[in-house]
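S.K.: Below is a structure I'd like to ask you about.
The values are calculated or read from the model by the stated rules, or taken from the named source; none is laboratory data. Here the structure is a predicted model, which is why all the values come from computation and not from measurement. Note that we place each Cβ from the backbone using ideal geometry, even for glycine, and neighbour counts take in every protein chain shown. In case anyone asks, the SASA skips ligands and DNA or RNA and just uses the protein heavy atoms, side chains included. Shrake-Rupley method; radii C 1.70, N 1.55, O 1.52, S 1.80 Å.
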Amino acid sequence: MRYAEPVHPPLAPARPRAPGPRILLVDDDPGVLKGLRGLLSDEGFSPVEARSAAEAVRLLDTPGQMPALMLLDLRMPGETGLELLARLPRPLPVPVVVLSGEASPVEAVQALKLGATDFVEKPPSPERLLTALRNALALSELREEQQRLREELARPGHLVGDSAAMESLRKLIARVGPSDTAILITGETGTGKERVARALHLASGRKGRLVAVNCAAIPSTLLESELFGHERGAFSGATTRRLGRIEQAHGGTLFLDELGDMPLELQAKLLRVLETKEVERLGGGLPVPVNVRVLAATHRNLEQAVREGRFRQDLYFRLNVLPLTLPPLRERPEDILPLVRAFAAELAGPNVPLVLAPGAEEALRAWPWPGNVRELRNFVERQNLLRGDGPLTLSPESLAGPASPAPVSSAAAPSRLVLGQKSYREHVDDFERTLIKAALEEGGSIAAAARLLQVDRGNLHRRLKALGLSAD
């Protein structure tokens, strides 16, 4: 009896392995090149060889052939590895690991100063060489990711907008963010100056945190201690040492919002911190070194304040190294819809559809938005609170209704008062509450309300507190 031969399925052809990272080997010794080529090929890399600095430069300049890393010998006839490193553009086009058996310690240090990631002595052990290569590639990937993040700054959650002004702003932040230069951010209230400061801090790569101080919201009598800190016993009530906001920002970024409201005497102390990189606590005897990048913002015209003697000229020049101005929302209407979508997703959640009724887009673009981006967010939040369980719907009527200025209640008018039940002071306080509430609703922020009422922002803060009102 014969049995059928077992049928085996044909073996699937092995999938070709994807080529690994290209490693440019620059060495004049054929034996070294052969050994490196075999080791790297076995580890999945794709080695490419050059036997001189000139040949390496030609390979680096070949379009589409840029290696992921260069393994460079320092001692070669003609142009040496050090000379090649010195003439390559900065930053180096690819990470470089130096390989040499004859280099002096001075040459090794010089190679690292010129940008080499690591130095490996000949003959290298396979483990040491592969570790150096993988570390250099990982570092290169990290730097590329950092650069990508810098270029992508200000997308949803940071700086939203499709206008040319916002695109230029994002590019500028990516370019100047990594520096330590002080930056002065100007623009109308509500344009998003604090968001720009946060984007600059993220782009800086600084390990410390962003510490924000609103110079207008803190009474001048407390602002000095808040900024510079104090020692125990420095004044009545100082029972413990307290680090100021400047020290809290050590290694990070200090953001001084509404800098134009800072008293002159504190401006002088801030200037000294910027110049000496040291801070002196109240009641302290020794200066404390600080590593802080300072960003400042204001809606005021500081040049005019300098002319009027309300702001120090030397501090203005010290902070105005790179002025950065945010245009008002009315000058960039193409940013309104992206902002609306971002706020809708933030406030209502990504699963709630946003519906623009006929004419809504035109109405949004036509509205002057005196409170800028903050007013727009308040409008979207108000519509979200009123929407119930349905979609978030924006219509021309909703814009012209709740977002319009709220009239002062006639119940507070003197002709309708019932006299004898409250004192004169109580009647005045009631009317002031009504007036401030109306200004806050119309302006959308304390700063805008202060301008509508033609009062100082700090005074309005104090009246809010005294009358038991919330700024929200």
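S.K.: Taking R0 as 30 Å, what's the FRET efficiency between residue 429 and residue 382 from their Cβ-Cβ distance, rounded to 0.05?
M.R.: It comes to 0.65.
S.K.: Which residues' amide hydrogens lie under 5 Å from the amide hydrogen of residue 69, considering only partners 5 or more residues apart or on another chain, with H built in the peptide plane?
M.R.: The answer is 24.
S.K.: Further question on the same structure: So what's the back-of-envelope 222 nm ellipticity for the chain, counting only DSSP H runs of four-plus at -39500 (n - 2.57) apiece and dividing by all residues, rounded to 500?
M.R.: -13000 deg cm²/dmol
S.K.: Let me ask you something else. Å³ per residue of the Cα convex hull, for region 177-292?
M.R.: 104
S.K.: Order the peptides 43-55, 286-298 from the highest to the lowest mean number of other Cβ atoms within 10 Å of their residues.
M.R.: Ranking, from highest mean packing down: 286-298, 43-55.
S.K.: What residues qualify as long-range amide H neighbours of residue 187, i.e. H under 5 Å apart, gap of 5 or more or another chain, H built at 1.01 Å from N?
M.R.: Under 5 Å from the amide H of residue 187: 298, 326.
S.K.: For region 84-98, what does the Karplus curve 6.51 cos²θ - 1.76 cosθ + 1.60, with θ = phi - 60°, yield as ³J(HN,Hα) per residue in whole Hz, taken in order and with x for Gly and Pro?
M.R.: After applying 6.51 cos²θ - 1.76 cosθ + 1.60, I find 5, 4, 5, 9, 6, x, 10, x, 4, x, 9, x, 10, 10, 8 Hz.
S.K.: Per residue, how much accessible area does region 304-373 have with a 1.4 Å probe, in Å²?
M.R.: On the way: 3640 Å² over 70 residues.
In whole numbers, region 304-373 has 52 Å² accessible per residue.
S.K.: Over the Cα atoms of the chain, Rg to Rh with Kirkwood Rh, two decimal places?
M.R.: Values: Rg = 31.9 Å, Rh = 28.0 Å.
Ratio value, two decimals: 1.14.
S.K.: Stretch residue 239-residue 321 to full length: gain in nm at 0.36 nm per residue minus the Cα-Cα span?
M.R.: Value of the extension gain: 25.6 nm.
S.K.: Show the residues, 5+ positions off or on another chain, whose built amide H is closer than 5 Å to the amide H of residue 162.
M.R.: Result for residue 162 returns 335.
S.K.: Could you pull out the GluC sites (Glu not before Pro) across region 265-358 that fall in loop regions by DSSP (anything but H, G, I, E, B) with no more than 14 other Cβ atoms inside 10 Å?
M.R.: 308
S.K.: Classify region 327-377: rounded, prolate or oblate, from the alpha-carbon gyration tensor (a ≥ b ≥ c, eigenvalue square roots; a/c under 1.5 rounded; otherwise prolate if a/b is larger than b/c)? Write down the numbers at each step before the final one.
M.R.: Working: a/c = 2.42, a/b = 1.45, b/c = 1.67.
Since a/c reaches 1.5 but b/c is at least a/b, the shape of region 327-377 is classed as oblate.
S.K.: What list of ³J(HN,Hα) values in whole Hz, one per residue of region 435-450 in order, does the Karplus curve 6.51 cos²θ - 1.76 cosθ + 1.60 (θ = phi - 60°) give from phi, with Gly and Pro shown as x?
M.R.: With coefficients 6.51, -1.76 and 1.60, one gets 5, 5, 4, 5, 5, 5, 5, 6, x, x, 7, 5, 4, 5, 4, 4 Hz.
S.K.: Above 23 angstrom, tally the Cα pairs of region 250-403 and express them as a % of all pairs, no decimals.
M.R.: Of all Cα-Cα distances in region 250-403, 55 percent exceed 23 Å.
S.K.: Grab the other residues whose beta carbon is less than 14 angstrom from that of residue 108, score K and R as +1, D and E as -1, and report the net. Each step should come with its number before you reach the end.
M.R.: Working: positive: 75, 113, 122; negative: 73, 102, 107, 118, 121.
After counting each charged neighbour, the total is -2.
S.K.: I've got another one for you. Output wanted: per-residue J couplings in Hz (rounded whole) for region 249-256, from phi through Karplus 6.51 cos²θ - 1.76 cosθ + 1.60, θ = phi - 60°, x for Gly and Pro.
M.R.: 8, 4, x, x, 10, 9, 10, 9
S.K.: Let me ask another. To the nearest 20 debye, what charge dipole does region 424-464 have about its Cα centre, counting +1 at the Cβ of each Lys and Arg and -1 at the Cβ of each Asp and Glu? Can you show the working numbers first?
M.R.: Numbers: 7 positive and 7 negative charges, 37 e Å.
In total the dipole reaches around 180 debye.
S.K.: Ignoring ligands, DNA and RNA, what percent of the accessible area of region 229-314 is carbon or sulfur (1.4 Å)?
M.R.: Carbon with sulfur: 46 percent of the solvent-accessible area.
S.K.: Continuing with the same structure: Using a Förster radius of 22 Å, what is the FRET efficiency between residue 221 and residue 467 based on their Cβ-Cβ separation? Nearest 0.05, please.
M.R.: Working: r = 21 Å, r/R0 = 0.93.
Result of the calculation: an efficiency of 0.60.
S.K.: Relative contact order of region 23-85, please, whole-number percent, based on alpha carbon pairs below 8 angstrom and at least 6 residues apart. Provide the component values of the computation, followed by the final result.
M.R.: Details: 78 pairs, mean separation 26.7, N = 63.
So the answer I get is 42 percent.
S.K.: Accessible area per residue for region 166-298 in Å², computed with a 1.4 Å probe and the full protein assembly in place, what is it? Display every interim value, and only then the final one.
M.R.: On the way: 5580 Å² over 133 residues.
Per residue, region 166-298 has 42 Å² of solvent-accessible surface.
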